[in-house]
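Colleague: Pasting a structure below so you can have a look.
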Amino acid sequence: MSDSPVVAVALSGGIDSLAAGFLIKQRFKNVFGIHFTTGYEKSMPDVSALASVFGFPVHTIDLSKEFQTRVVDYFVSTYMAGKTPNPCLVCNMQIKFKALFDHARKLGADLMATGHYATVVNRYTPGREEIGQAWLERGADLNKDQSYFLSMLSHEILDRLVFPLAGLTKSQVRKFAGIHNLVPVVPVESQDICFLPDKNHWAFINAKTKVSPRPGPVVDSQDRIVGYHQGLHKFTVGQRRGINIPGPAPYYVKKIDINTNTLHVCFKSDLSQKQMKVEQMIWNYPEKKEIRRLTVQIRYGHTAAPAGLDWNQTYGIVTFDTPQSAVTPGQAAVFYHGNRVLGAGFISVIQ
């Protein structure tokens, strides 16, 4: 790689990507933009407007096929398997920093920049030019931190990334954009799953699979049938709404048993778990067994909880200091030491 790397900056058209593009242009000499489509857009941003704003070319890449097979199909099949998917994490791993970055490299890029609120520590981090293996840390704005969704990126990918918003808060980005007249070319930035605009995941799954829901029993913590459900894919662990079964207190989803087509429910006080199994782990710390005490985040918005980690060949057993509510199979468990991301994996079996 040359001393003047070519940087592809991912531009969605939102305020974060615009600020990232502006900062990247200030820092690097050779920059171009890259915008991708998924096939689920309600409207398309004016890419030519982005090019005129920055004065560098912006390429549009159609990733609708990859998005369907790697994200949407994963989303549907995971729900149908009785687990709860994390499509945003998989999109980052398979689409933005795999398929899109592959296209960027073909266009000549050495590095890729995005508007994520996270910190990548690599040879392009000011003051860290001599660093060896790259790693990920939380961003400065802990309310917007997106390291959870980036936790499964390998150190080889992290070594090629630049996150110019790492040290900024959302309010600072808005102020920065106002000062430099950076106007979003998309009406509203998405805060939810981009291919589920109405948030109705079970209707989406029904339309995709054409599979009729299978009614089955709803069982309480005493193994008593308290009612019947109309399809397990309508539920996720910790869910309260939609159960619609009267009881002495509201019921919450405790477990989804796809083998017996049974929905297990409990009261809120019985929803917590002290242990969990984590599989398909990606670890980004040289001595993986050196750290036995860490904090674990089990979903976006969850406060990482202190825990111990025991390795068992290819998976880990996490024991929380304090039981955690709604530990959900299919979701990601992300391991931190302070602000540093040590690794991540998928929650598989609740112990």
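Only the coordinates and a few stated rules stand behind these numbers; no lab work does. What you are looking at is a predicted structure, and each value in this text was computed from that prediction instead of being measured. Note: ideal-geometry Cβ built from the backbone for every residue, glycine included; neighbour counts use all protein chains shown.
Colleague: Within region 55-84, work out how many residues are free of Cβ contacts under 8 Å to residues at least 40 places away in the same chain and either farther than 22 Å from Lys208 by Cα or in contact with a Lys or Arg (Cβ under 7 Å, 6 or more places away or on another chain) (or both).
Modeller: Of the residues in region 55-84, 4 are free of Cβ contacts under 8 Å to residues at least 40 places away in the same chain and either farther than 22 Å from Lys208 by Cα or in contact with a Lys or Arg (Cβ under 7 Å, 6 or more places away or on another chain) (or both).
Colleague: Select from region 13-67 the residues that are hydroxyl-bearing (Ser, Thr, Tyr) and either more than 24 Å from the chain's Cα centre (by Cα) or surrounded by fewer than 21 Cβ atoms within 10 Å (Cβ to Cβ) (or both) and list them in ascending order.
Modeller: Taking region 13-67 as the starting set, the residues that turn out to be hydroxyl-bearing (Ser, Thr, Tyr) are 17, 37-38, 40, 43, 48, 52, 60, 64.
Residues satisfying the conditions are Thr37, Thr38, Tyr40, Ser43, Ser48, Ser52, Thr60, Ser64.
Colleague: Residues that are hydrophobic (A, V, I, L, M, F, W, C), at least 3 per element: which strands (runs of 3 or more DSSP E) completely within region 86-144 meet that?
Modeller: Per the criteria, 111-113, 118-121.
Colleague: Which count do you get for residues in region 241-263 that are closer than 21 Å to His201 by Cβ and either surrounded by 18 or more Cβ atoms within 10 Å (Cβ to Cβ) or among the polar types (S, T, N, Q) (or both)?
Modeller: Number of matching residues: 10.
Colleague: Of the residues that make up region 202-212, is at least one touching a His at 6+ places or on another chain (Cβ under 8 Å), surrounded by 12 or more Cβ atoms within 10 Å (Cβ to Cβ) and either hydrophobic (A, V, I, L, M, F, W, C) or outside any loop (DSSP other than H, G, I, E, B) (or both)?
Modeller: So the first thing to find is which residues in region 202-212 are touching a His at 6+ places or on another chain (Cβ under 8 Å), and the list is 202, 205.
Then drop every residue that is not surrounded by 12 or more Cβ atoms within 10 Å (Cβ to Cβ), which leaves 202, 205.
The next check asks that each one be either hydrophobic (A, V, I, L, M, F, W, C) or outside any loop (DSSP other than H, G, I, E, B) (or both); those that pass are 202, 205.
Yes: region 202-212 contains one or more residues that are touching a His at 6+ places or on another chain (Cβ under 8 Å), surrounded by 12 or more Cβ atoms within 10 Å (Cβ to Cβ) and either hydrophobic (A, V, I, L, M, F, W, C) or outside any loop (DSSP other than H, G, I, E, B) (or both).
Colleague: Search region 1-12 for residues being over 26 Å from Val72 (Cα atoms) and without any contact (Cβ under 8 Å) to a residue 60 or more places away in the chain, and hand back the single one that is surrounded by the most Cβ atoms within 10 Å (Cβ to Cβ).
Modeller: Looking only at region 1-12, we keep the residues that are over 26 Å from Val72 (Cα atoms), and these are 1-7.
Filter again for without any contact (Cβ under 8 Å) to a residue 60 or more places away in the chain, leaving 3-4.
Details: Asp3: 5, Ser4: 10.
Per the stated criteria, the residue is Ser4.
Colleague: While we're looking at this one, here's another question. If I ask for residues that are β-branched (Val, Ile, Thr), closer than 14 Å to Val334 by Cβ and outside any strand (DSSP E or B), which ones from region 302-320 would you list?
Modeller: Thr303
Colleague: Also: Among the residues of region 217-258, which ones are outside any loop (DSSP other than H, G, I, E, B), among the aromatic types (Phe, Trp, Tyr) and closer than 15 Å to Ser325 by Cβ?
Modeller: Tyr252
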